[in-house]
Amino acid sequence: MTESAMTAVSGIDERAAAMQPCQIGIHALCCKHCMMGPCRLMNENRKSVCGADQALVVARNILRFAAGGAAAHCGHARHTLDFLGKRAPRRYIRKKAPPYLYELWDSIGVLPSRDGDGHFFDISEAIHLTTFGVDADFRDILRWCLRIGIIDGYFGLYLATGLEHGKWGFPKPRRATVSLGCIDPGKVNIAIHGHEPLAASALVEEAARHENVNLVGVCCSGVSLQARYGVPLAAHVTLQEDVVRTGLIEAMVVDVQCVMPSLSEMCECFHTRLITTSGIGRMPNAIHLPVTDAGSAAEMARKVIGIAGEGKTKRRPGAEAEFLAKAGKPVKALVGFSGRSVDAKGLWERYEKKRIRGFIAVVGCVSPRSDRDAWVTMFRELSEEYVIFTTGCMGFEFARAGLLDGERFFHLGSCVNNAHIAEIFRAISEEAGRRIDEMPFLVSAPMAVTEKCVAIGLFFAALGCSIHLGYPHVFSANQQVVSCLEETLGDLFKSRILLCDHPRNLYGRIRENGL
Ligand code: BF8
């Protein structure tokens, strides 16, 4: 085994410990938008070679994170449109957003500048205006963050969710299995990893014709398939390598987003065939079976079943026994809620009768740099007084802790399905006859890994929700930036940004001050 393959085989937690984060970049204080730098602005008085001050550097970095996240979510929706042979919808935000919010966004100039696919131009402009020597007004850049958040919400989350439900059906509440224990040593195991439904749904259809095939999901593809079809969910983002490490996965099929490059070498260390399906998600050592429409998706699915079936005989001797000795039993969890199956009226009544103090959405990633168990424990405590909605990798953490009960904890699906949470917030606020920002709503992304978390947080901020961002600290390093964000959101919505990277601090702030 090569040294780099050995590195891939070591766990993500060990690699995170061995690769300490840059203490300048972690606070978004590093500017590398031109080649006179990188410039490191460790204190408020320093300026970069071009004269950019700390507030400008931090604001530009936040906008670039947001633009990256929005590009991913909007790309997901665009790929789905292409797959279905559809055009981008017109006047989409006008149709989907609460009218008072649409008017407000219009009045402050944060709506997308063009209709149809025009939001891609705004994402491009966000990159443009943060290049060397364009926008030097950090307040204007922070306004752009709201625009990109709105784009992410509607042309990413809402559009992708709506298209998926329209083509492949609405999720239904169901009990389903979670954890590595859902891998079946007696069957051909195929893992589906990534985000888009194009390849994933075709594999579910094809696998249904083969009794000896066990499909398992990873990350948001897995979450979607679980909610829609009851496919077992093996792992979230930081556990994706562990799926291969069982030695029982014949094929891992990936598309886009949150697919770690380490999988390429990891699969080489086992018998697992890595299969890529997206034109923008190629990986070394992988078989590429492109999926662009229903025909190519079905062909890919047939080939994958064949490749995986041949691979089972190549498992390392003893892999099954080793797995059975180590793997725990699969955990059962209640998943598959949506805006349709959550009773907004009932939830509002629970609040009105003072049986709960509010509603917290816990969304996004889990990070090897955060104390995952401490966050789960803290939200478990909060669930005694708050209803918790969850999506994405956080949903997996709550599932394996046995918390998803459909009473205190509701699992709303993948990260693009945060649109469900926005719809539920809207429905509860309509029951109450109030605006979203007048409601006890908090959206928390305690352990962001990807840029998508920043874009999602800004979307909910633009809706008027208070937001919490835990680790890392990209929003908090410069006081002018923090004050401007707080003042802007406070003036528009009376909402707040909570910047706590420790569960106890967040717990204290929520309990002492309400949401
Ligand atoms: O979109 S929660 S690590 S899997 S980004 Fe990725 Fe984060 Fe997981 Fe899905 Ni969301």
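Structure summary
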item	result
Subset tally (residues that are surrounded by 12 or more Cβ atoms within 10 Å (Cβ to Cβ) and either modelled with pLDDT of 90 or more or over 24 Å from the mean Cα position of the chain (by Cα) (or both)) for segment 486-496	7
Within segment 269-320, tally of residues that are polar (S, T, N, Q), crowded, with 20+ Cβ neighbours inside 10 Å and touching a helix residue (DSSP H, G or I) at 6+ places or on another chain (Cβ under 8 Å)	3
Residue within segment 297-316 that is among the polar types (S, T, N, Q) and in contact with a Phe, Trp or Tyr (Cβ under 8 Å, 6 or more places away or on another chain) present	no
Criterion violated by Phe441 - all others in (1) under 18 Å from the mean Cα position of the chain (by Cα); (2) at pLDDT 95 or above; (3) crowded, with 24+ Cβ neighbours inside 10 Å; (4) within 28 Å of Ala59 (Cα to Cα) satisfied	(1)
Lone unmet requirement of (1) touching a residue at least 40 places away in the same chain (Cβ under 8 Å); (2) more than 16 Å from the ligand (Cβ to nearest atom); (3) acidic (Asp, Glu) for Glu241	(2)
Residue in segment 434-442 that is out of contact with any Ser or Thr (no Cβ under 6 Å at 6 or more places or on another chain) and free of Cβ contacts under 8 Å to residues at least 60 places away in the same chain present	yes
Qualifying residue in segment 33-54 (condition: hydroxyl-bearing (Ser, Thr, Tyr) and either farther than 26 Å from Ile127 by Cβ or within 23 Å of the chain's Cα centre (by Cα) (or both))	no
Neighbours by Cβ (under 6 Å, 6+ apart or cross-chain): first from segment 412-432, aliphatic (A, V, I, L, M); second crowded, with 21+ Cβ neighbours inside 10 Å and assigned to a loop (DSSP other than H, G, I, E, B)	Leu412/Phe337; Leu412/Thr391; Ile421/Leu412; Ile424/Val342
Matching residues, segment 302-326, being assigned to a helix (DSSP H, G or I) and touching a strand residue (DSSP E or B) at 6+ places or on another chain (Cβ under 9 Å)	Lys303, Val304, Ile305, Ile307, Ala308, Gly309, Glu310, Gly311, Lys312, Lys314
Residue within segment 327-345 that is more than 28 Å from the chain's Cα centre (by Cα) and not in a loop (DSSP other than H, G, I, E, B) present	no
Qualifying positions in segment 28-52 - of a type in the set (A, V, I, L, M) and either in contact with a Leu (Cβ under 9 Å, 6 or more places away or on another chain) or under 23 Å from Pro472 (Cα atoms) (or both)	Ala28, Leu29, Leu41, Met42, Ala52
Candidate set from segment 161-218 (those that are within 29 Å of Gly85 (Cβ to Cβ) and of a type in the set (D, E, K, R)); member that is nearest to the ligand (Cβ to nearest atom)	Glu196
Members of segment 360-385 that are in contact with a Lys or Arg (Cβ under 6 Å, 6 or more places away or on another chain) and either buried (at least 22 other Cβ atoms within 10 Å of the Cβ) or of a type in the set (A, V, I, L, M, F, W, C) (or both)	Val366
Residue that is farthest from Phe493 (Cα to Cα), among those in segment 90-120 that are hydroxyl-bearing (Ser, Thr, Tyr) and either at pLDDT 95 or above or not in a loop (DSSP other than H, G, I, E, B) (or both)	Tyr92
Candidates Ala462, Ala455, Ala477 - the one that is more than 15 Å from the ligand (Cβ to nearest atom), modelled with pLDDT of 95 or more and not aromatic (Phe, Trp, Tyr)	Ala462
Check on Lys172, touching a residue at least 12 places away in the same chain (Cβ under 8 Å), of a type outside the set (Gly, Ala, Ser) and either surrounded by 24 or more Cβ atoms within 10 Å (Cβ to Cβ) or farther than 26 Å from Phe409 by Cα (or both)	no
Yes/no for Ser296 being small (Gly, Ala, Ser) and closer than 30 Å to Gly406 by Cβ	no
Test set (1) surrounded by 24 or more Cβ atoms within 10 Å (Cβ to Cβ); (2) within 16 Å of the ligand (Cβ to nearest atom); (3) touching a residue at least 60 places away in the same chain (Cβ under 8 Å) - Leu469 fails condition number	(3)
Total residues in segment 406-420, condition within 14 Å of the ligand (Cβ to nearest atom) and part of a strand (DSSP E or B)	1
Members of segment 183-205 that are of a type in the set (A, V, I, L, M, F, W, C) and out of contact with any strand residue (DSSP E or B) (no Cβ under 8 Å at 6 or more places or on another chain)	Leu198, Ala202
Residues of segment 360-405 that turn out to be out of contact with any helix residue (DSSP H, G or I) (no Cβ under 7 Å at 6 or more places or on another chain) and either outside any helix (DSSP H, G or I) or within 14 Å of the ligand (Cβ to nearest atom) (or both), as a count	12
Residue list for segment 247-258, restricted to those being surrounded by fewer than 23 Cβ atoms within 10 Å (Cβ to Cβ) and more than 16 Å from the ligand (Cβ to nearest atom)	Gly247
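The values are calculated or read from the model by the stated rules, or taken from the named source; none is laboratory data. Being a predicted model, the structure only gives us computed values, none of them experimental. Cβ coordinates were reconstructed from backbone atoms using ideal geometry, including for glycine residues, and neighbour counts include every protein chain displayed.
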